[in-house]
Amino acid sequence: MKQNQPAPFLSGKMILRFEAIQNCLVPRSKAFTHQERSRSKKLINQVLQNQDETSKKKLSLFILLIDIASLVLHAKLFRQISQTKQTSLLAKFFDSPVSIFRKGFWGLNTLARLGVYGQKELHDEIGYHQRRNP
Amino acid sequence: MSHIQIDSRPSPQTEQILQFDIVIVGSGAGGGTVAKELSDLCKRGVKIALLELGPHHVAAENNREELAMAQRYYFSGGGFQTTTQDMTLAFAKGVGGSTNVYTGVTFKLPETAVKKWNVPGISLDDLDPRMEKYLQENGAHFEDEANINQNNQRFKAGCEKLGWHVDQFAINTRNCAGLGTCNLGCPRSAKQGTAVVQIPKAEQNGVQVIPNCRVERIDGNDILATITPQENISAISTDQTHHSYRIKAKKIILCAGAVNTPAILMRSFGKTFNPVIGRYLTCHPALIMAAEHPDKVDGTQGPPKNYYSEQFVKSDRFLLESCMYFPFSFSRNLVGFGTQVDEFISRYPYLQMTIALVLDDAHHENRISINKQGEAQVHYKLDKKIQSSFVKAIRASAKLMFTAGANRLHAPGSKQFFIHQHEADQLEQLITEKYFKLGQASIASAHLMGGCKMGESPKHSVTNSWGKVHGQANLYVADGSLFPSCSEVNPYLTIMALADRVAEGVRNDFLSKFTDQRTGTLL
């Protein structure tokens with residue numbers, strides 16, 4: 001039944017949190033049109049819909065951790081700090097000596113890219129063309 | 001075609017009974033082969049079923065869209081992760097299994113691998129005629145050079161200039177239009193997987209294919225399974241209606257692959273029914289590299305993979321192959337983030353790609369287990385030896401692509417995102433183990449092997465050399481899980497050869513047990 005279905009992963013405040021991170025990881029997303037932005041969200045939600053709840057919780061926690069780290073280091077949420085500071089903060093997770101942070105970053109980075117390069121409508125822009133099936 | 005009629009009326013709680021003589025679980029390289037090999041028994045009245053977890057894929061419904069097809073064909077959309085979350089596994093479901101999504105690369109098992117297996121009865125003398133049979137059956141051939149794209153040509157040219165070994169793969173296609181999207185299934189059924197070659201023959205002979213059938217466990221000589229009726233498949237995300245079945249069989253052959261066959265055995269007999277169940281998993285961990293050329297490479301046009309190099313197999317335990325991946329799959333292989341990633345991807349038509357496969361050793365701790373829900377989990381440690389092979393493979397790929405004319409490249413294991421042509425003589429310093437970090441580099445595997453290794457002793461193996469599970473009179477395994485260690489090459493042909501051998505053993509067992517010795521008729 002529809003009312004019992006869990007909310008999509010990217011909904012409510014999670015959209016703002018995730019998109020701020022996505023903009024830093026894959027700058028092409030900053031130039032998204034309204035349609036491209038919706039498609040990105042839809043693709044990510046579709047893929048996460050098939051993931052187990054534990055993976056989704058881990059992802060939520062990791063996104064929260066980025067905000068906490070931002071608050072500790074800069075007294076502001078991640079989406080409120082400058083791009084330079086955002087890049088520097090994410091780099092700490094990307095290159096962390098603690099492997100669990102690197103793995104969390106990899107998962108998040110992969111999702112961010114999925115929202116951009118998973119859009120077939122953007123493939124023309126990067127020159128990816130499939131041969132036509134005769 | 002013979003399709004079983006699934007009664008959609010009973011409630012999900014009702015257990016229905018189906019009766020067969022031989023039931024094959026899984027329809028990939030192993031199951032499809034076994035089904036075809038045994039199918040002539042149907043003419044003698046033997047009832048054979050081929051159960052498949054996924055659906056029948058319809059070629060005409062393949063739109064070649066990366067994400068949609070990944071979700072359709074692969075387990076976890078191609079993103080199944082190991083428990084340590086530093087490697088992604090690609091294995092497929094649906095009638096035809098992973099043979100739907102391979103690139104058709106056809107290799108014979110090398111003698112070095114057979115010797116390492118060291119299983120009495122398993123020799124090249126036995127396997128070679130079987131491999132030859134499937135080479136012919138699947139139309140394996142060398143692609144005409146005129147159809148080979150620049151991405152592949154440059155791989156070959158790079159190797160030749162360096163004086164390295166390079167050779168062409170045989171590919172098993174017929175009527176291929178070079179669409180280049182083999183890993184997303186083929187809309188033309190040009191690739192000769194089991195869904196195209198072996199299973200249609202098996203169906204013609206009377207084997208019943210039952211798709212959308214999840215095997216929960218084996219109970220004596222019965223299989224407990226749930227089947228989702230076909231009419232619910234289009235709405236599977238909202239309607240999970242399924243029905244329970246008890247499928248009776250005289251012989252059961254598990255061919256659900258290196259992840260799911262051990263999982264079914266553990267769900268059926270417990271995690272410790274055999275000391276090595278699920279153990280000694282190998283997978284050819286792989287890493288993709290890309291380099292930008294000043295002129296177009298256009299790797300998307302034509303068959304994606306044509307050449308390989310064994311130059312470093314003996315010295316550093318890795319195989320290099322040419323390859324081409326789709327935008328998202330490719331993007332996740334780039335280590336780092338920010339504008340450099342976007343910029344590199346925007347040069348897509350100019351990118352040459354290679355893949356390095358590490359020939360990993362079989363270790364007891366690399367294994368399949370099941371969680372509380374009975375779902376398979378993969379435990380795999382990318383140890384220092386593998387990491388060291390990767391670093392050497394990245395350097396070798398970089399050298400190859402610079403030699404082939406690349407301007408710059410991206411190399412995992414380097415602290416800088418790009419390495420430029422003028423730095424080509426500093427690869428040893430720029431690509432190091434210090435900068436190769438698990439969790440950063442995107443490591444993947446599509447060659448899952450082991451978990452039900454063959455052998456003589458029940459203490460050290462799960463089956464005998466004929467795939468018969470130790471201690472079980474009517475239970476067999478016929479898939480990549482039989483491999484005692486890695487095949488050192490793309491494994492499908494070896495799986496078919498072993499499945500052919502298992503089918504021979506099952507036939508002999510079945511006929512000797514269920515034939516009236518005086519009249520020669522089946523009991």
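Of the listed peptides B:45-57, B:339-351, B:274-286, what is their order by residue-averaged count of other C-beta atoms within 10 Å, with the highest listed first?
Ranking, from highest mean packing down: B:274-286, B:45-57, B:339-351.
Enter the per residue convex hull volume of the protein assembly as shown, computed from alpha-carbon coordinates, in Å³ rounded to the nearest integer. Write down the numbers at each step before the final one.
Details: hull volume 103.0 nm³, N = 657.
Dividing the Cα hull volume of the protein assembly as shown by its residues yields 157 Å³.
Over chain B, calculate the relative contact order: mean separation of alpha carbon pairs under 8 Å at least 6 apart, over the residue count, as a percent.
23
Please find the FRET efficiency linking A:L71 to B:Q16, where r is the Cβ-Cβ separation and R0 is fixed at 60 Å, and quote it to the nearest 0.05.
Once the sixth-power term is evaluated, E becomes 0.55.
Just list whichever of B:K271/B:K385; B:K115/B:K437; A:K103/B:K271; B:K108/B:K156; B:K93/B:K201 have alpha carbons separated by over 23 Å in the model shown.
Working: B:K271/B:K385 29 Å; B:K115/B:K437 33 Å; A:K103/B:K271 29 Å; B:K108/B:K156 21 Å; B:K93/B:K201 20 Å.
Result: B:K271/B:K385; B:K115/B:K437; A:K103/B:K271 exceed 23 Å.
Which whole number gives the average count of other chain Cβ atoms within 10 Å of the Cβ atoms across peptide B:61-74? Can you show the working numbers first?
Values: counts 0, 1, 2, 4, 4, 8, 8, 4, 0, 2, 4, 0, 0, 0.
Mean shielding count: 3.
Please report Rg (one decimal) and Dmax (integer) in Å for the Cα set of region A:51-123.
13.4, 39
Once the Cα atoms of helix B:29-38 and of chain B are each reduced to a long axis, what angle between those two axes, in degrees from 0 to 90 to the nearest 10, is obtained?
Tilt relative to chain B: about 30 degrees.
In whole Å, how far is the Cα centre of region B:430-507 from that of region B:58-101?
20
Order A:28-35, B:478-485, B:87-94 from most to least packed using the mean count of other Cβ atoms within 10 Å.
With the highest mean Cβ count within 10 Å placed first, the list reads B:478-485, B:87-94, A:28-35.
Add -39500 (n - 2.57) for each DSSP H run of 4 or more in chain B, then divide by its residues: what number comes out at 222 nm, to the nearest 500 deg cm²/dmol?
So the helix-based figure for chain B works out to -7500 deg cm²/dmol.
How large is the Kirkwood hydrodynamic radius of region B:392-523, in angstrom, based on all distinct alpha carbon pairs?
Computed over region B:392-523, the radius equals 18.9 Å.
Return the aspartates and glutamates within reach of B:K161: Cα separation strictly under 17 angstrom, same-chain partners fewer than 8 residues apart disregarded; answer none if there are no such residues.
Answer for B:K161, where 17 Å is the Cα cut-off: B:E310, B:E321, B:D425, listed by chain and number.
May I ask you to derive the FRET efficiency for B:K296 and B:K434 from their Cβ-Cβ distance with R0 = 30 Å, giving the value to the nearest 0.05? Present the calculation step by step, with values, prior to reporting the outcome.
Numbers: r = 35 Å, r/R0 = 1.18.
After rounding to 0.05, the efficiency reads 0.25.
Would you work out the charge dipole size for region A:51-123 about its Cα centre, treating the Cβ of every Lys and Arg as +1 and the Cβ of every Asp and Glu as -1, and quote it to the nearest 20 debye?
80
Over region A:51-123, what relative contact order in percent results from Cα pairs under 8 Å that are six or more residues apart?
RCO, region A:51-123: 20 percent.
Once you average over the residues of A:119-128, how many Cβ atoms of partner chains fall within 10 Å of each Cβ?
Working: counts 4, 9, 0, 2, 7, 0, 3, 11, 11, 9.
Going residue by residue through A:119-128 and averaging, the value is 6.
How much of the DSSP bridge set in the protein assembly as shown is antiparallel, in percent, rounded to the nearest 5?
Values: 51 of 75 bridges.
Once the DSSP bridges in the protein assembly as shown are tallied, antiparallel ones form about 70 percent.
Can you return the aspartates and glutamates within cross-link range of B:K314? Criterion is Cα-Cα under 18 Å, with same-chain partners fewer than 8 residues away left out.
Within reach: B:E111, B:D167, B:D360, B:D361, B:E488.
Where only protein heavy atoms count, and the probe is 1.4 Å, what is the accessible area per residue for the protein assembly as shown in Å²?
Per-residue accessible area for the protein assembly as shown comes out at 40 Å².
Helix A:99-117: angle to the longest alpha-carbon principal axis of chain A, degrees 0 to 90, nearest 10?
30
How long is the gain from B:K43 to B:K385 if the chain were fully straight, where each residue apart is worth 0.36 nm and the alpha carbon distance is subtracted?
117.9 nm
To the nearest 100 Å², how much accessible surface do chains B and A hide from each other in total, with a 1.4 Å probe?
3500
Considering every residue in B:330-343, what mean count of other chain Cβ atoms within 10 Å of its Cβ is obtained?
Average per residue, whole number: 6.
Multiply the residue separation of B:S123 and B:R518 by 0.36 nm, subtract the distance between their alpha-carbon atoms, and state the gained length in nm to one decimal.
Stretched out fully, the B:S123 to B:R518 stretch lengthens by 138.7 nm.
Relative to the first principal axis of the alpha-carbon coordinates of chain B, what is the inclination of helix B:492-514, with its axis defined by its Cα atoms, in degrees from 0 to 90 and to the nearest 10?
Relative to chain B, helix B:492-514 is tipped by roughly 10 degrees.
The values are calculated or read from the model by the stated rules, or taken from the named source; none is laboratory data. Owing to the predicted nature of the structure, the values given are computational and were not obtained by experimental measurement. Using ideal geometry, Cβ is built from the backbone for each residue, glycine included, and neighbour counts are taken over all protein chains shown. Just the protein is used for accessible areas: all its heavy atoms, side chains included, with ligands, DNA and RNA removed. Shrake-Rupley method; radii C 1.70, N 1.55, O 1.52, S 1.80 Å.
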